[in-house]
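Working notes, structure below.
The values are calculated or read from the model by the stated rules, or taken from the named source; none is laboratory data. Being a predicted model, the structure only gives us computed values, none of them experimental. Cβ atoms come from the backbone with ideal geometry, glycine included; neighbour counts cover every protein chain shown.
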Amino acid sequence: MNRKKWLFEEIEKWQTEQIISSEAAAALRQRYVKQASPGMLILLFSIIGAVLIGIGIILISAKNWYELPIALRVGLSFLPLVLSQGLCLFTFLRRMDSPGWREGSAVFMSLSVFAVIALIGQIFHLPGDFGGYVITCGLLSLPVVYILNAASPLIIYYYAIIYWSFDSAGEFKIALVPLALGLFVLALPYATSVIRSNKSAAKTVYVSLITLIAGFLVLLAFAFALQMGALALLLLYFVLLLAFDRTDDPGKAVFYMIGLMGAFTLLFILSYKDVWDGISVSYAPYLAEDYTVLGIAALLAIGAVYFAVVRKAREPLTSMIVLFSILIAGLRLSGIFKDAPEIFAIGTVAANLLIFASSLYFIVRGSMKTSFLDVNIGMIFLCLLIVLRFFDWNLDFLLRGIIFVLLGVMFLAVNLYLVKKRKGGGLQ
Amino acid sequence: MKKLILSALVILILAQILVPVYMIANKYDTLRSGIEYKFRVEPVDPYDAFRGRYLVISLTDINRASINGKGGAKKYAVIKNNADGFADIDSFSDQKPDGVDFVKGKIQYGSFRLPIDRYYMDEKLAPKAETIYRENRQEAYVTVRVKNGNVVVSGLFINGIAIEEYVKQQMEQDTASGKM
């Protein structure tokens, strides 16, 4: 809960307990509302202003002032950078208490780094290598995030590592793949500190949202680079997020919702037989690299288990999906598929059962807590599962028929169990 | 604590200046005092949001030279001028050659690649330059300066005229004849 919300709730209490008069309460409320809004506006305008100026400088330098002598162009290219550095120094020494100055000067510095390196590339006709360019600029910009406690340049850094990881993945530079993860990790201490302190709801949501998307995309780049084991890896990433089962907290709610969407999107993909057939195909040239994926997947799995078990996440769903991910990884590792690809039918069945069980879990939890969000999530997953399986032409009619009958019987059984429990007073 | 963070900020500022200065240092020196060579090229015009418009230049003679070795491996190429006045590769070597002009490059897809693939131009001139080249297929070449293995592009020429001048002349002629 942020401080303002807390204060307003306290004022409400003081008023009802007659510690302060209603006039005093109104005056207090007005005072804090008045203080908050111009601050936010100044902050936003500082960031937008700095971003516009930075982009303007990049575009002006992109024009190519070839008629000027090289020495002069080189000198001029440093001008915005030195200006932004001066601004950052000034902010650090005199304006550290102002978020507007911190964010504005930090984002200006990041963009100036992009401008100067771009201009040097242009003046000396340096070779393309856009990935190398953005990652150099990104790395030269990241420290200012920590130094000035400014979150806005973070998105520029994430852009740099995402571009660079896809660029490396596209060219199969396998050795760079673990490095991309390392670069992502460099930003995590800052992101975590913002999310933990949760001083401003907007900043927390912004930082957690871009961090999650960046993390997901960097892992996706892995998937492209390494071709194998990617689904298990991504699934585990989402499972980690599911452990943040705190929908009342804005920062953590973002983690949870993205985890939920991601995990179920992947489960639905894995509920198709074709996907499993694809996994079972041997990619001999990539087997060596596969161990990198499995190594990272194992680390993520340990993380997921830690969250699910040690931290006692309320979500039994997390444990189920963790088990499922381990099943996929186990099947891949064992190499069983080489001799008996049909073993992968287990995967299709397991994914379907898992979605079904999760849907039920949400419906039951939602009706027990009278949470319409949970009930609706459960119903949507269930309906989607039914529709997808009904139109799944890869499964033959008989098999589909049997699955539907089994699901129906399970549904009735759960219903019966609930009714009995309710009669026995186990449920309210 | 404040002093520590201030030193971090000062280090960051120095790094932000030193990285581009390092990038410039040997390029600038090569450009000023390197030996000039001419490489035949084929230019095409693309766009870079950060660095502006440029012509992709493919070094026609160099890129045709096939070479054995692992992709990405560094190689040195001794260069010489042919009878027609254009540069070509004389021999390859894994070690830095002595007493001859050479360039540093990498093996890519079975051929030798120099770190030259673009020529930045004014945003209005670049597309025009490509059209002129495509329509007339004149002889195009880049002049590069070479020193201690470093190579820096100093100009792009069509029919012996600097491309910026050539395009301007063509645009003036087109205006005069009412084409534009």
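With the checklist (1) more than 11 Å from B:Phe112 (Cβ to Cβ); (2) touching a residue at least 12 places away in the same chain (Cβ under 8 Å); (3) not basic (Lys, Arg) in hand, flag the one item B:Phe92 doesn't pass.
Of (1) more than 11 Å from B:Phe112 (Cβ to Cβ); (2) touching a residue at least 12 places away in the same chain (Cβ under 8 Å); (3) not basic (Lys, Arg), only one is false for B:Phe92: (1).
When residues of segment B:115-169 are filtered for being closer than 24 Å to B:Tyr37 by Cβ, within 9 Å of chain A (Cβ to nearest Cβ) and among the acidic types (Asp, Glu), how many remain?
2
Considering segment B:26-42 alone, what residues qualify as being within 12 Å of chain A (Cβ to nearest Cβ) and part of a strand (DSSP E or B)?
The answer is B:Val41, and nothing else.
Condition first: touching a Ser or Thr at 6+ places or on another chain (Cβ under 8 Å) and among the aliphatic types (A, V, I, L, M). Now tell me which residues in segment A:56-80 satisfy that.
The answer is A:Ile57, and nothing else.
Out of segment B:44-93, which residues are out of contact with any Lys or Arg (no Cβ under 9 Å at 6 or more places or on another chain), within 14 Å of chain A (Cβ to nearest Cβ) and not in a loop (DSSP other than H, G, I, E, B)?
Correct list: B:Ser58 only.
Please count how many residues of segment A:38-67 are under 30 Å from B:Asp29 (Cα atoms) and more than 12 Å from chain B (Cβ to nearest Cβ).
Here the count works out to 0.
Just need a number here: residues in segment A:70-86 that are of a type in the set (A, V, I, L, M, F, W, C), facing another protein chain (nearest Cβ under 9 Å) and farther than 17 Å from B:Ile24 by Cα.
Of the residues in segment A:70-86, 0 are of a type in the set (A, V, I, L, M, F, W, C), facing another protein chain (nearest Cβ under 9 Å) and farther than 17 Å from B:Ile24 by Cα.
With the condition kept exactly as written, say whether any residue in segment A:40-62 is part of a loop (DSSP other than H, G, I, E, B) and out of contact with any strand residue (DSSP E or B) (no Cβ under 9 Å at 6 or more places or on another chain).
no
Using beta carbons and a limit of 7 Å, which pairs, at least six apart or on different chains, have the first residue in segment B:117-132 and more than 17 Å from A:Gly121 (Cα to Cα) and the second one buried (at least 23 other Cβ atoms within 10 Å of the Cβ) and aliphatic (A, V, I, L, M)?
Listed pairs, sorted by first residue: B:Leu125/B:Val167; B:Lys128/B:Val167; B:Ala129/B:Leu55; B:Ala129/B:Met121; B:Ala129/B:Ile163; B:Ala129/B:Val167; B:Glu130/B:Leu55; B:Ile132/B:Val167.
I'd like to know if segment A:95-113 contains one or more residues that are within 14 Å of chain B (Cβ to nearest Cβ) and over 31 Å from the mean Cα position of the chain (by Cα).
Yes, segment A:95-113 contains a residue that is within 14 Å of chain B (Cβ to nearest Cβ) and over 31 Å from the mean Cα position of the chain (by Cα).
Taking the stated definitions as given, is B:Lys168 at pLDDT 85 or above, among the basic types (Lys, Arg) and within 14 Å of B:Val44 (Cα to Cα)?
no
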